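Colleague: Please read through the structure below; I'll follow up with questions.
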């Protein structure tokens, strides 16, 4: 119950900031699913390894941001490699 509350508060602050700064060109389903999976997996793994609730929250936040950064790089490179279309050609 406490972990849900902490995740709600942390996610409520980090999600909009992450979406507006990192994930503008990323499809919505990938931005939602991949960041949520990374954060959930890190949180669960940290709890299983007996890291405590505080460490689990920090790990989940860090892994969610890392997944967002990876998506940003993947979609920035994909759009940058497309050839530019010249006007009047």
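Bear in mind these aren't lab numbers, they're just calculated from the coordinates by the rules spelled out. All figures in this text were calculated on a predicted structure; none of them were measured in a lab. Cβ placement follows ideal geometry from the backbone for every residue including glycine, while neighbour counts extend to all protein chains displayed.
Colleague: For residue 37 and residue 9 in the same chain, what is the full-extension length gain: residue separation times 0.36 nm, less their Cα-Cα distance, in nm?
Modeller: Additional length available on full extension: 8.3 nm.
Colleague: Something else now. With a ≥ b ≥ c taken as the square roots of the eigenvalues of the C-alpha gyration tensor of region 21-73, please select rounded if a/c is under 1.5 and otherwise prolate if a/b is larger than b/c or oblate if it is not?
Modeller: prolate
Colleague: How do 8, 41 line up, fewest other C-beta atoms within 10 Å first?
Modeller: With the sparsest Cβ surroundings first, the list reads 8, 41.
Colleague: Under the definition of Cα pairs under 8 Å and six or more residues apart, what whole-number percent is the relative contact order of region 21-73?
Modeller: Relative contact order of region 21-73: 49 percent.
Colleague: Would you list 35, 21, 57 from fewest to most Cβ contacts within 10 Å?
Modeller: Listing 35, 21, 57 from fewest to most nearby Cβ atoms yields 21, 57, 35.
Colleague: Also, quick follow-up: Sort 11-17, 68-74 for me by packing, meaning the mean count of neighbouring Cβ atoms within 10 Å per residue, highest on top.
Modeller: Going by the mean number of other Cβ atoms within 10 Å, highest first, we get 68-74, 11-17.
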